[in-house]
Amino acid sequence: MPPAQGRPDESTGNPARARTGERRRQGRTILTVRLPEREARARFAAVPVARLATADGRGRPHVVAVTFAVDGDVIYTAVDQKPKSGTVLKRLRNLGENPWACMLADHYCADWDKLWWVRADGRAAILADRRQMAAPLRLLADRYPQYRRAPPPGPVIALAVERWSGWAAAPAS
């Protein structure tokens with residue numbers, strides 16, 4: 001039996017084979033790639049928006065689109081001035097009950113050979129102190145001109161990434 005996709009080939013120990021798989025579509029073989037951590041982080045950092053997924057203490061999920069900045073293995077997102085449903089946001093309430101969260105960034109294209117996604121899993125902390133928020137808010141302002149004109153009031157969510165994972169329909173060109 002062939003090795004499971006994404007797992008090392010036990011017969012050869014080949015790590016490259018562990019990151020790739022093949023699929024057939026329209027009579028041709030298409031390479032699929034499990035992204036190495038470095039490439040996953042780079043692809044994630046390059047997109048303008050990601051989805052933040054949290055769950056409350058009972059495990060009920062909540063997903064919201066967010067702007068963000070990546071600093072090594074920490075991803076920052078801030079509560080900004082855009083209209084919200086209230087002052088105590090569900091994402092903040094959830095993180096108060098359950099600090100585990102993930103963020104998902106992806107690229108969709110009608111040409112499915114160009115699809116990819118990256119997920120960052122970790123523990124989140126809510127930064128509300130002005131000193132704690134200063135550096136993350138600078139990173140966000142460097143990335144988004146809108147935040148230079150109107151800095152987010154916060155708080156800031158800091159996701160300490162423990163695992164980067166990702167998939168691409170083809171290797172980076």
| Which value in nm describes the separation of the simple spin-label points at R38 and L92, placed 7 Å from the Cα toward the beta carbon? | 3.9 nm
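Give me the number: length gained by fully extending A46 to Q81, i.e. 0.36 nm times residue separation minus the C-alpha to C-alpha distance, one decimal in nm. Mind showing how you got there, number by number?
Numbers: separation 35, 0.36 × 35 = 12.60 nm, distance 2.33 nm.
Roughly 10.3 nm would be gained on extension.
Using the per-residue mean of other Cβ atoms lying within 10 Å as a proxy for protection, in what order, highest first, do the peptides 57-66, 127-136 fall? The partial results should precede the final answer.
Details: 57-66: 11.6, 127-136: 14.4.
Final packing ranking: 127-136, 57-66.
Set the Förster radius R0 to 25 Å, insert the Cβ-Cβ distance between R138 and L115 as r into 1/(1 + (r/R0)^6), and round the FRET efficiency to 0.05. Mind dumping the intermediate values first?
Working: r = 33 Å, r/R0 = 1.32.
After rounding, the FRET efficiency stands at 0.15.
Read-outs throughout are calculated quantities, based only on the coordinates presented, and are distinct from any laboratory measurement. Here the structure is a predicted model, which means the values were calculated and not measured. Note: ideal-geometry Cβ built from the backbone for every residue, glycine included; neighbour counts use all protein chains shown.
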